[in-house]
Amino acid sequence: MTWDDWKNDHPDNYFGTAEAKQAFFLDSKDLKCLPYKTFGGGIGCGAPYRLYEPEDLKLAAELKHGPGGLEKKIALRAKRFENKRKRAAKAAEEARKQILEKQEEERKEVVPSKRPKKSSSNIQEDKLLKTLHPLVS
């Protein structure tokens with residue numbers, strides 16, 4: 001096997017089962033009838049991966065969803081993802097505004113300290129000082 005043969009037959013050019021289901025909106029029944037190659041596996045390595053060719057997956061998706069159906073589903077998924085992103089950004093902005101409002105309310109609640117009230121003994125001392133020293137105010 002030459003390098004070019006191996007490179008062209010490498011698993012990077014194929015889709016695994018989970019990727020195929022997600023990217024082409026297929027299910028297990030749809031994948032059963034498609035040709036596949038196996039990769040990996042062996043003793044102690046788990047089950048081998050089933051790898052599907054993109055052309056076969058596109059054909060299966062077209063048969064299942066109709067002509068242009070896959071493109072519509074991909075566009076709808078992109079729209080849902082965009083709406084989800086917008087909702088998350090809006091929720092984050094609302095949370096930020098609530099935090100800022102709460103901080104502003106806490107700042108307003110802080111009352112500047114008042115001078116302590118004079119006790120009766122302090123008042124009497126002030127009167128005594130004023131009578132003794134008329135210049136003290």
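Data table
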{"item": "Of K73/K102; K58/K79; K37/K64; K37/K84; K32/K72, pairs whose Cα-Cα distance is over 32 Å", "result": "K73/K102; K37/K84"}
{"item": "Tail fraction, Cα-Cα pairs, region 3-92, threshold 22 Å, whole percent", "result": "44 percent"}
{"item": "Rough spin-label spacing in nm, given labels placed 7 Å along Cα→Cβ, for K21 and K108", "result": "5.4 nm"}
{"item": "Length released on extending from N13 to K90, taking residue separation times 0.36 nm less the Cα-Cα span", "result": "23.8 nm"}
{"item": "Extension gain (nm, one decimal) between E82 and S28, 0.36 nm per residue minus Cα-Cα", "result": "16.6 nm"}
{"item": "Relative contact order (%) - criterion: Cα under 8 Å, at least six apart; region: region 3-92", "result": "26 percent"}
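Just so you know, all these numbers are worked out from the coordinates, no wet-lab data involved. Here the structure is a predicted model, which is why all the values come from computation and not from measurement. As a convention, Cβ positions derive from the backbone with ideal geometry for all residues, glycine included, and neighbour counts pool all protein chains shown.
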